[in-house]
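A quick write-up on the structure given underneath.
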Amino acid sequence: MNFEIKKILVPVDFSETANNALEVALAMADRHKAEIHLLHVVQAGIFLNPPGMHGFIPGIEQTLLKDANENIKKHKTTILKKHALLLHTYVEIGSVAMSISKYVHNNKIDIVVMGTHGASGWSEFFLGSNAMAAIKECACPVLTVPPSFKKRTFDSILYPIRNVEGVMGKYDYVKPIIEKNEASIYLLGLAHVGEDYEAGLLGNQLKAVREAIQHNNKYIDYETHQCENIAAKVLEVAHRRKDDIMIINATLDKAWYKFFSGSYTQQIVNHSKIPVLSVKPSLSPRLIKEREQFLVTEAQHYFPLTMQTI
């Protein structure tokens, strides 16, 4: 797979958080010689029934669209004064996540870069944030940028490795970021406490990833942990090391028939202080082979007698 970053979609709502993510995306566009797509979504229904009022407010959609188009044109003018790049803008009314997903598909977007305000409580539990919804819906990788992140380069990359499919495949997506930033990469092997089988796989996984990475060895290092909460450990290591970006699998957990959009992805995206690149597996030859190996290994471990009989 030869993944390149040539089309970057940046959803904007004109907030400080969104503008910060836009600055990160613009720096990426300059390094990768990529074009920028700005998308603003007027969320349907939010302003249509204010407290104490019922029914539709005449003309509200056109007013909101007019204001949004004026704001996004100002954004475009300001950006083009500082950056020599191809810039597209689009405004529509709809659901944020679905509009992003549709735009990604229709315009063959390579990566989405968006700000995240974080979430907690019931909102976190139900994956209520736009960032989490976009990760779930989009076919391409999504880079979420917290408002506290002010760097514009990615010099140090954290690469968590756990017992899920897509561990090696996600390197295809981070490779151009490594190359354009001349970044170091740090491998973090993770298994649950008491899962000796899972821990035993880490050595093989680390070795396989290291072999797959065509990168100067002096820029690669690693550590391994067994822990109760893998997401919490990832966040702890990222904070301790002061990395600039991490890449995670929004993929399948050990119950391989279920889409993994739960606690691991949630906790990291909502609480990370550094940008998080979330990658879902695609049916590339590398992943097809990896998926076959993953399922066979899991079956041999959890159903050894059945496998022997077969």
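Just so it is clear, none of the values below were taken in a lab; they were calculated from the coordinates. Here the structure is a predicted model, which means the values were calculated and not measured. Cβ coordinates were reconstructed from backbone atoms using ideal geometry, including for glycine residues, and neighbour counts include every protein chain displayed.
Remarks
- Counting Lys and Arg as +1 and Asp and Glu as -1 over every other residue whose Cβ lies under 13 Å from the Cβ of residue 114, the net charge comes to -3.
- Here the peptides 83-94, 15-26, 132-143 are ranked by packing, the mean other Cβ count within 10 Å, and the order with the highest first is 132-143, 15-26, 83-94.
- Assigned charges on the beta-carbon of Lys, Arg, Asp, Glu; region 55-109 dipole about Cα centre (debye): 360 debye
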